[in-house]
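The values are calculated or read from the model by the stated rules, or taken from the named source; none is laboratory data. Note that the structure is a prediction, hence the values are computed from the model and not measured. For neighbour counting, all protein chains shown are included, and Cβ atoms are generated from backbone atoms with ideal geometry for every residue, glycine included.
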Amino acid sequence: MERRSFTAETACRADVFLAARTQLTRSAIKKLADEGNLTVGGRPAKAGERIKSGDVVEISLPDPVPIAAMPEEIPLEIVYQDDDIAVVNKPQGMTVHAGAGNRAGTLVNALLYHLDHLSGINGELRPGIVHRLDKDTSGLLVVAKNDRAHLSLSRQIAEKTAKREYVALLEGVVREDRGTIVTRIGRDPRDRLRQAVLPAGEGRRAETDFEVAERFKRNTLMRFSLKTGRTHQIRVHAKYMGHPVVGDPLYGYKTQRFALKGQLLHAFRLTLTHPATGEEMTFEAPLPDDFLRVLGIVRRET
């Protein structure tokens, strides 16, 4: 276990102080503090505790959890990789990591086969995973190859300095050229498999920017940019607009026009700051074949 020590220069909260001096997020610091890994002046402390100038703040970082998922020889498009990160283009239909009753065929299994090492912060079944895409959403994901990179990338996502951009084909014609959707999102009280827009004071804040890329006779090609990262956020917000994503089995129309295996939602651009070099990097992934096929159909309808 690594123990890191800092001396406070001004009065502030312990978690704010540590977040400014490490690559840990405040939520990660809180978790470590709740587990007894944070001290101020040698005594256990809470993440939100006020510290004063001269206080010695120490935090212990547990050793990475050994990886337990098994490597599998699954084809994987690696867009970029170096010693710290890898960027992959996840295909539609692939689950990111194992869950209940699903221990094989995931992105993690493929990563363990194709990459020589991954961060262990997220535990045995989610090595390297910093953020996720739904099983039937395709596109770009960044993967951490060591713990320092993982902490940096997690912080960028939490602080919204990493930018994740998506393109989706929506049902109907969206009239507004651009805008921002701000709601509260949480589990649908009528269906635990779904998320829903909830009343004020419930769920968690969800913010999505949108911009029309192209309009068709019966559909709209839309670009989305995430400001928060709630489960199914774009899909829920598209439904909230009255224009669900084409092919969406949970939030879309009951009767679909096209034979699809899932929603036409693709993470096409990812911008981040490299954890080691500080360089801003942008990656793009082309639309998958099924998406292009349906786009061709709706373009011919106009």
(1) in contact with a strand residue (DSSP E or B) (Cβ under 6 Å, 6 or more places away or on another chain); (2) exposed (fewer than 14 other Cβ atoms within 10 Å of the Cβ); (3) more than 19 Å from Glu211 (Cβ to Cβ) all hold for Ala259 apart from (1)
What number of residues within region 190-233 are more than 19 Å from Val173 (Cβ to Cβ) and among the charged types (D, E, K, R)? 11
Conditions first: (1) closer than 24 Å to Leu287 by Cβ; (2) assigned to a loop (DSSP other than H, G, I, E, B). Leu111 passes all but one, so which condition is the exception? (2)
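One line per residue, one yes/no per condition, for (1) of a type in the set (Gly, Ala, Ser); (2) closer than 17 Å to Arg194 by Cα; (3) assigned by TED's automatic domain parsing to the domain that holds Ala86:
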| site | (1), (2), (3) |
| --- | --- |
| Gly229 | yes, yes, no |
| Ile234 | no, yes, no |
| His237 | no, yes, no |
| Met241 | no, yes, no |
| Leu250 | no, yes, no |
| Thr255 | no, no, no |
| Ala259 | yes, no, no |
| Gln263 | no, yes, no |
| Met281 | no, no, no |
Subset of region 222-259 that is touching a Lys or Arg at 6+ places or on another chain (Cβ under 6 Å) and among the aliphatic types (A, V, I, L, M) - its residue that is farthest from Gly179 (Cα to Cα): Leu250
Out of all the residues in region 263-280, which are touching a residue at least 24 places away in the same chain (Cβ under 8 Å) and part of a strand (DSSP E or B)? Leu265, His266, Ala267, Phe268, Arg269, Leu270, Thr271, Leu272, Thr273
Determine whether Asp209 is in the same structural domain as Thr231 (by TED's automatic domain parsing), surrounded by 14 or more Cβ atoms within 10 Å (Cβ to Cβ) and under 23 Å from Leu141 (Cβ atoms). yes
The residue that is nearest to Gly252 (Cα to Cα), considering only those in region 138-176 that are crowded, with 24+ Cβ neighbours inside 10 Å and among the β-branched types (Val, Ile, Thr), is Val142
Among (1) in contact with a helix residue (DSSP H, G or I) (Cβ under 6 Å, 6 or more places away or on another chain); (2) at pLDDT 90 or above; (3) in a loop (DSSP other than H, G, I, E, B); (4) not small (Gly, Ala, Ser), Asp15 falls short only on (3)
